[in-house]
Amino acid sequence: MKRIFSRILLGVGCLSAYACGRTVPAEHEVAVVPQPAAVECGDGTFRLTGDTPVRMVGGAESDARMEWVADALDEVVEPLFGRKLSVGTGDASIPGAVNIGRADTLPQEAYRLTVADDRIEILAGGPEGAFHAVQTLRQLLPAAAFGEDGLRAVELPAVGIDDRPALAYRGLMLDVARHFFTVDEVKRTLDLMAMHKMNVFHWHLTDDQGWRIEIRKYPELTRVGSVRKRTLIGKDPGGEYDESCRYDETPYGGFYTQEEIREVVDYAARRFITVIPEIEFPGHAVAALASYPWLSCTGEQYEVRQTWDIDDRVFCPGREETFEFIEGVLDEVIGLFPSKYIHIGGDECPTKMWEQCPRCRARMRAEGLTRPRQLQGYATVRVERFLQRHGRELIGWDEVLDGGVSPTAIVMSWRGTEGGIRAARQGNRVIMAPTTYCYFDYYQTKDTSGEPLAWGGYLPLGQVYSFDPAAGLSPDERQFLLGVQANLWTEYIPDFDQTQYMLLPRLGALAEVGWGTATDDYDGFVHRMRRLTGLYDACGYRYARHAFVD
Ligand code: TNX
């Protein structure tokens, strides 16, 4: 699909990823990531100064969210000139200004950015498109200006850019359960996403090793469930925990208050990023069970898990209390997150406990279920109905397919793309996030000796770039493909420095996949990406410098 998309749009204007095939000074090169759908180079430059006015024109001024676009422009300009641009409104664009307007014929996220020698024009379908245009503008700044302050003026190359994403959902998942990241660090992750024109932040808030969201109805979730007594040091041996395992003997915890959650959701909204919360159900539940033992099949008192890997101890779908609990949790979650999608996990849920549980067996008989796995289907469908009654839709990891899933659920395909393909064939909507292209917790290099400990696997930059999420889907099935997502599981990512290192520059490649402009010109991509690292450096982001050569 992406190949077709880029062919249509790249037909307009110049094709080169570099400087439109012309000889221009390096600082005026048009090198943008993700590569815009169409780039047409003009003559001359626009001189941007601290006195350049910003004009909201042609209806843009009546959209309150356009203010966030002006804020974004300030974030770019203020560090350069030491002051904000003055924003005005008017009917028509004026020379010398950055004019921002709406074009009703364009989709919300699409934009046309024109830099001419006498003005800059941004025409967008909606404020999200105008926001993307500002991100593009930022990358048109001469590299020498990145990180400079006290400048009098910068020259931007004349160019016409037409851009729109191929895929509506361009996500990043951050696991804050295995390791916790502060509100500030989450905000910086959102900044990174905005820079790469990614628009969905999937927040993995609960897991065996920690419950990270305040739920007022169930205070033990954070009092007990947010702290583990200690953490395994080094690589998890996968179930074999004996005397050779070493622990740090230090309690580890953290959670977000509801106020903090609202703050993050608002920060994301201003960057046109939707936040999708994930509450794991029915597996990856040990932190919840440690908080409320009556949620498990045996009612035993557990501790929050101190190792990684998969745990047999899961929610008991035989008990009614389990559903009361999850609905109570989701009630508050729905109140905090305006997203129409809510992720309920569903991955890696062993049925071992259920097989021995009289309540689960009774539930199976009552519901006419023949396989324990179908209990997961039963539980998922019940939760989905609850979400639907509240006007929300369910996303689950592809295991939800195994227990039987309703046609309205959205499937996130991680064990390869097969689950996603199967789901699309049966009419479920799909987000592709397969380990083979999207697992940013994997190593970026073949030789791992100089690398920080990682999950394993090998996912170099070029592999991410080569991802075609529509492969294997017929043109009819492609309508069910919502988009793509990078997943950052954090068992082996203890701090935010390493988070950035694992994300960058691979996020650039996935952004290009999501915008549908990843082509066979990998060298061109690397060239553009290298320029973007100038901006990373200016922002103080950590990234894998050697990712380009491996
Ligand atoms: C599988 S992907 C998991 C996570 C782990 C990850 C490590 C998925 C839905 N579940 O619980 O952290 O592998 O790569």
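The values are calculated or read from the model by the stated rules, or taken from the named source; none is laboratory data. From a predicted model like this one, the values you see are computed outputs, not experimental measurements. Neighbour counts run over all protein chains shown; Cβ positions are idealised from the backbone, glycine included. SASA here: full protein model, heavy atoms, side chains in, ligands and nucleic acids out. Shrake-Rupley method; radii C 1.70, N 1.55, O 1.52, S 1.80 Å.
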Handout entry: Placed amide H near R429: partners under 5 Å, 5+ positions off or other chain
Key = V411
Problem - Gained length - D184 relative to R389, 0.36 nm times residue gap less alpha-carbon distance - result: 70.4 nm
Problem - Dipole of region 469-523 [Lys/Arg +1, Asp/Glu -1 at C-beta], most positive-end residue of L488, L504, S474 - result: S474
Exercise for the section: Might you work out the accessible area of V411 for me, using a 1.4 Å probe with all protein chains in place, and round it to the nearest 10 Å²? Expected result: 0 Å²
Exercise for the section: Can you spot the lysines whose alpha carbon is less than 23 Å from K340's alpha carbon? Ignore those fewer than 8 places along the same chain. Expected result: K187, K197, K217
Practice task
Provide the per residue accessible area, probe 1.4 Å, for the chain, rounded to a whole number of square angstrom.
Solution key: 37 Å²
Exercise for the section: Determine the principal axes of the Cα atoms in region 327-440, then give the extent along each, sorted from largest to smallest and rounded to whole angstroms. Expected result: 40, 34, 27
Exercise for the section: Quick one: which residues, 5 or more positions from N99 or on another chain, have an amide H under 5 Å from its amide H? H modelled 1.01 Å from N in the peptide plane, none for Pro or chain starts. Expected result: R55, I120, E121, I122
Practice task
Roll a 1.4 Å probe over the protein heavy atoms and report the accessible area of H527 in Å², nearest 10.
Solution key: 70 Å²
Fill in the blank from the handout: Taking R0 as 56 Å and r as the Cβ-Cβ distance between I310 and E78, the FRET efficiency 1/(1 + (r/R0)^6), rounded to the nearest 0.05, comes to 0.75
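Averaged over every viewing direction, what's the projected area of the C-alpha convex hull for the chain? Give it in nm², one decimal, please.
Here the figure is 25.4 nm², rounded to one decimal.
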Practice task
Relative to the longest principal axis of the C-alpha atoms of the chain, give the angle of the C-alpha long axis of helix 183-195, reported between 0 and 90° and rounded to the nearest 10°.
Solution key: 50 degrees
Problem - Only Lys, Arg (+1) and Asp, Glu (-1) charged, at Cβ; the chain dipole about Cα centre in debye - result: 1000 debye
Fill in the blank from the handout: With every protein chain in place, the accessible area of Y247 for a 1.4 Å probe, in Å² rounded to the nearest 10, comes to 50 Å²
Practice task
State which stretch of the chain is the longest one without any exposed GluC sites (Glu not before Pro), exposure meaning a DSSP loop state and at most 10 other Cβ atoms within 10 Å.
Solution key: 301-550
Practice task
Starting from the residue with the highest accessible area, list T533, T114 in decreasing order, probe 1.4 Å.
Solution key: T114, T533
Exercise for the section: Can you find, among V265, I279, I100, the residue farthest towards the positive end of the dipole of the chain? Put +1 on the C-beta of Lys and Arg, -1 on that of Asp and Glu. Expected result: I279
Handout entry: region 204-209 - phi-based ³J(HN,Hα) in whole Hz, Karplus 6.51/-1.76/1.60, Gly and Pro as x
Key = 7, 9, 9, 6, 4, 8
